[in-house]
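What follows draws every value from the coordinates through simple rules; no lab data is involved. Predicted model only: the values in this text are computed from it and were never measured. Quick reminder, even Gly has a Cβ in these numbers, built from the backbone with ideal geometry, and neighbours come from all protein chains shown.
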Amino acid sequence: MLKRLALVVAIILAFSLVGEKSLIFNIEGDYTFYLNSASSNAKIITVSYDDAKEIKKSLKNVCGESVTTTSKEDIEKEIQRLNAQLVFSEKVDNIIINYYYSDKISAYKTINGHKINLQTAINENIITIGSPIIFGSF
């Protein structure tokens, strides 16, 4: 009987986690959510960090997110926390764009034949990190 109860509790917990809508990143900054498409066709909503968790819970069809900050240290901590491996980099105008892959993030895009699910854009003091990639301007 006790084993059966434990199994029921485990199933309930598993189903409650499926609907989890927590933020991918743990960084203070402006959050952008990409809705309905993980491409440049996405509807884009940008909110403050203070509102990001609650707003994400209310959104449907979130296909990606990014956060913009001035803290290089916070970005580096997130890359380490996600065990992201640098795949390649490029420079466009004065912006350095890094493409990563993390096995801790399930969604990905294929770019130049590589799986990518984390991207950073460094534009002077402004840094954006996004998953699976950043859409819009940076």
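The table for this structure:
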quantity: Zero-based 5 Å bins, Cα pair distances in the stretch 13-119, whole percents; calculated: 2, 11, 19, 23, 24, 15, 5, 1, 0, 0
quantity: Around residue 104: net Lys/Arg minus Asp/Glu count, Cβ-Cβ under 12 Å; calculated: -1
quantity: Net length gained if the chain between residue 23 and residue 61 were fully extended (0.36 nm per residue, minus Cα distance); calculated: 12.3 nm
quantity: Filter on 57/77; 91/115; 21/60; 43/91; 72/109 - keep pairs with C-alpha separation over 21 Å; calculated: 57/77; 43/91; 72/109
quantity: Sites residue 54 and residue 110, calculated FRET efficiency, Cβ-Cβ separation with R0 41 Å, nearest 0.05; calculated: 0.80
quantity: Protection-proxy order for peptides 99-105, 114-120, each taking the mean of Cβ atoms within 10 Å per residue, highest first; calculated: 114-120, 99-105
